[in-house]
1. Of (1) within 20 Å of residue 26 (Cα to Cα); (2) of a type in the set (Gly, Ala, Ser); (3) open to solvent by 50 Å² or more (accessible area, probe 1.4 Å), residue 670 satisfies all except one. Which?
2. Being open to solvent by 40 Å² or more (accessible area, probe 1.4 Å) and of a type in the set (Ser, Thr, Tyr) narrows it down to one residue among 505, 485; which is it?
3. How many residues does region 282-301 hold that are touching a residue at least 40 places away in the same chain (Cβ under 8 Å) and either within 20 Å of residue 30 (Cβ to Cβ) or open to solvent by 70 Å² or more (accessible area, probe 1.4 Å) (or both)?
4. Please go through region 611-663 and give me each residue that is in contact with a helix residue (DSSP H, G or I) (Cβ under 6 Å, 6 or more places away or on another chain) and of a type in the set (A, V, I, L, M), ordered by number.
5. Could you check, for region 64-86, whether at least one of its residues is open to solvent by less than 10 Å² (accessible area, probe 1.4 Å), within 18 Å of residue 208 (Cα to Cα), under 28 Å from the mean Cα position of the chain (by Cα) and among the hydrophobic types (A, V, I, L, M, F, W, C)?
6. Which count do you get for residues in region 523-570 that are among the hydroxyl-bearing types (Ser, Thr, Tyr) and out of contact with any Ser or Thr (no Cβ under 7 Å at 6 or more places or on another chain)?
7. Within region 28-82, count every residue that is within 24 Å of residue 217 (Cα to Cα) and among the aliphatic types (A, V, I, L, M).
8. Sort through 184, 144 and tell me the only one that's modelled with pLDDT under 90 and either closer than 25 Å to residue 85 by Cβ or among the polar types (S, T, N, Q) (or both).
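The values are calculated or read from the model by the stated rules, or taken from the named source; none is laboratory data. Everything quoted here is computed from the prediction, not taken from an experiment. Note that we place each Cβ from the backbone using ideal geometry, even for glycine, and neighbour counts take in every protein chain shown. For accessibility, only protein heavy atoms count, side chains too; no ligands or nucleic acids. Shrake-Rupley method; radii C 1.70, N 1.55, O 1.52, S 1.80 Å.
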Amino acid sequence: MPLRGLNEDQRSAAMALLGHNLIIASAGTGKTSTIVGRIAYLLQTGIDPSKILLLTFTNKASGEMIARLEKFFSKAIVSKIQSGTFHAVSYRWLKERYPKITLKQPSELKTLFRSIYEKRNFKRMALDLEPFSSIYLYDQYSLYQNASLDGFDIWFLEKYPEHEPLMDIYLHIIEEFEADKRVYGFVSFNDLLLWIKDDLLQKSIEFDEVLVDEYQDTNTLQSSLIDTLRPKSLFCVGDYDQSIYAFNGANIENISTFTTRYKGAEVFTLKTNYRSTAPILSLANRVIELNERIYPKKLEVGRVGKSYPPRLLMYNELFEQYQAISTEIKKSHVPNDNIAVIFRNNASADGIEASLRELSIPCKRKGGTSFFEAREVKFLLDLMALLINPKDMMAFIHVFEFSKGIGSALSKEFFQSLTHFGEGNLAVGVLAPKVFTLPKLNPNKNIQLGLFDDDLEIGSVSRFASLDLGEAIRSHPLLKHPRLSKDGVLFFKEYFNFMKSVRGSKYPSTILQKAISSNLYGMIIDILSTQRAQLKTGAIDPTKKELSIERIQRKAKLLLELSSHYKDLHRFVNAMVLGGSELSEGEGVNLLTVHASKGLEFSEVYVVDLMDGRFPNRKLMSKGGSIEEERRLFYVAVTRAKDKLFLSLAKTDRIKKIDFLPSPFLYEAGLLKHPK
């Protein structure tokens, strides 16, 4: 049975008397085994499985626990246990009582919210204050529902007292929003918990025990829902040192005040760590002990065998750090999927991913778009690919699809035309055409498909008389193409200018620099940043556009940095493009933010960019975070490592011309000594 495999601490917790029990389960101490053991104990003592409720933060977690129980109990028994995330369980209950409700995604509800918001005329109020956007107001309202039991106005004005003149309007928007949802039967994820809580106040659902996993991540609403359930027994498992979701509404006070809120509560501590070696645990403890100790605990090492002390890796420059770590990984004998690179900010991922790609090391990013799949990066690589292989029609199509009014079919026709003009050579066809008649692109005209007869429907160049094109473009035979628009001509002009600028260039960095500084790439930046900043109303958010431009430019500079290590364009493009899909799929090095790494473990872990300002993230701290929260993030990151831990930093960022100081956590860990 599950209880036999537990250690003394785990077994004591699993066999606790019914009541209010809190289990402090630090990283790697076997919390899942303890929860499974607890449920097994309840079943063995005669508790009705339908009177057991297991609440988790992912359906995967609850599924794993249920699967373990099915190894010891029949499926008929285990299936009666109610389990799942807070939202999944609440949705099942609500559907039974309100079968007509429709769960809506946040993006859909934001549209409804905006339709109500836009009926208000803020400009007529003649205030100096700029009202919050509908999206931001919606996000704040959603956060409030998770974080507070007070009225929205009380909670909101504590954060933004200067918005008091607008508070009545904000409240009216929210009231109308809630009324519309009721009329149409729409519910949000927050509503699932709020509705169930209201229902429980009128009609309780009786449980002999409610078990809560990752209790430190519960928010105020979830804690209130647990109380409203009024179970006979409560079994909460968590670790206050791993509470890292304050930005998402998690309330660390739920776990820190457990014994004061529940009189007579028992606290059990799982103190044996089976994941990490003694040196790794020692480092983690030295840092996290600087946070306030809510419940005393001292982790013990449950592993035996050889151990390696954590290593500090220091580099002069940011990108040098990423390349050196990639080289270290290349030399490792550990399977790639058992290695993780963990970072505080997603911006760190591009550099490490690019460096791994350069060494043909497969990797996978959890969340976010792969650096090499970003459209701005693919565009630059497609430009390079066409220079080394003028017959790469797909690369050409990808480039010209960016132009307004030019799709893949028309891009293909342009490619065929330009190749025809150059007698098989694309570059000649673009810059110095030898043939001035359009090719017979559609010899068998199909009226149903709307294809034109090229000989009869050649376009008139006079269509473009008002455009500033220059003689080379104005006389180009491509302008005779009947489906070429003014936007298409201007796009072709900039492609022509780029091709002309790199004629005779040899080095990848030279060519790429000319591409990045070209008007052609400027058009791509504007197209992509506009798309990414567009609201559903069609309006462009200038702040989002500015941020998008900055991110696009940063990716371009990173690719340029990569190219500086190559003297041959073929080798550079091959390293960046060929095998790209294989290097981003399947098993590979794990690239993870600290938040995404939680709950996982790896033989080798690299925690990168440990510079003050990046980790801890001072910018987020200034917006309501804390050094304690950042320290907990560091603790989570380093305790992902089982065997080897590497902590790295750089002294400068050459691209941004920034100098860095080491993270204070490196001093706290004892890896650096404070200068005298």
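1. The one condition residue 670 does not meet is (1).
2. 485
3. Summing the residues that are touching a residue at least 40 places away in the same chain (Cβ under 8 Å) and either within 20 Å of residue 30 (Cβ to Cβ) or open to solvent by 70 Å² or more (accessible area, probe 1.4 Å) (or both) in region 282-301 gives 8.
4. Residues satisfying the conditions are 633, 636, 637, 638, 641, 645, 650, 655.
5. Within region 64-86 (the criterion being open to solvent by less than 10 Å² (accessible area, probe 1.4 Å), within 18 Å of residue 208 (Cα to Cα), under 28 Å from the mean Cα position of the chain (by Cα) and among the hydrophobic types (A, V, I, L, M, F, W, C)), the answer is yes, since at least one residue qualifies.
6. Adding up the residues that qualify gives 4.
7. 12
8. Going through 184, 144 in turn, the sole match is 184.
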